Amino acid sequence: MAKRGLKEERETIIRFDETDEPVIIYTFNADLKRRLKDFASKYPDLCRKTVEDKEYGGMTYELEKSRLQIRFTAPYSKERRKTAEESVRKNRTSIGKDK
């Protein structure tokens, strides 16, 4: 079983530079490791695992630069939040009626 470091030590590092070299992703995040593993198994020519730290649980992947996307999402406006809350309430009520 892998050792677990402090939460502050279990980090994700994405190395993206201006060269033609692939992106290097080093992570301890379980969800990201799973997503990278799934992507690598589907597209081995675009993504591959290069290092697995079995002692601490980190993994390193190389990813084709064109496959990485970073997206920022704006916070919901008050109106949008209210609409979303109403939709959730409506769906919860309709789900409860199906039983």
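Under the simplified labelling scheme, the Asp31-Arg10 pair shows an inter-label distance of 1.4 nm, with each label point 7 Å from Cα along Cα→Cβ. Each peptide in 3-9, 60-66, 19-25 receives the mean, over its residues, of other Cβ atoms within 10 Å, and ordering these scores from highest gives 60-66, 19-25, 3-9. Set against the labelled values (i) 32, 28, 22; (ii) 51, 37, 30; (iii) 140, 23, 15, Cα extents along the principal axes in Å computed from this structure falls on (ii).
For segment 74-89, 3J(HN,Hα) computed residue by residue from phi via the Karplus equation (6.51, -1.76, 1.60; θ = phi - 60°) reads 6, x, 5, 6, 4, 5, 5, 4, 4, 4, 5, 4, 5, 5, 5, 4 Hz, glycine and proline entered as x. Highest-first packing order for the peptide set 32-41, 81-90 is 32-41, 81-90, based on the mean count of other beta carbon atoms within 10 Å.
Where only DSSP H runs of four or more residues are counted, the chain gives -11500 deg cm²/dmol as its mean residue ellipticity at 222 nm, each run worth -39500 (n - 2.57).
Where a number appears in this text, it was derived from the coordinates with a stated rule and is not lab data. Because the structure is predicted, anything quoted here is derived from the model rather than measured. Please note: Cβ atoms are built from the backbone with ideal geometry, for glycine as well, and neighbour counts cover all protein chains shown.
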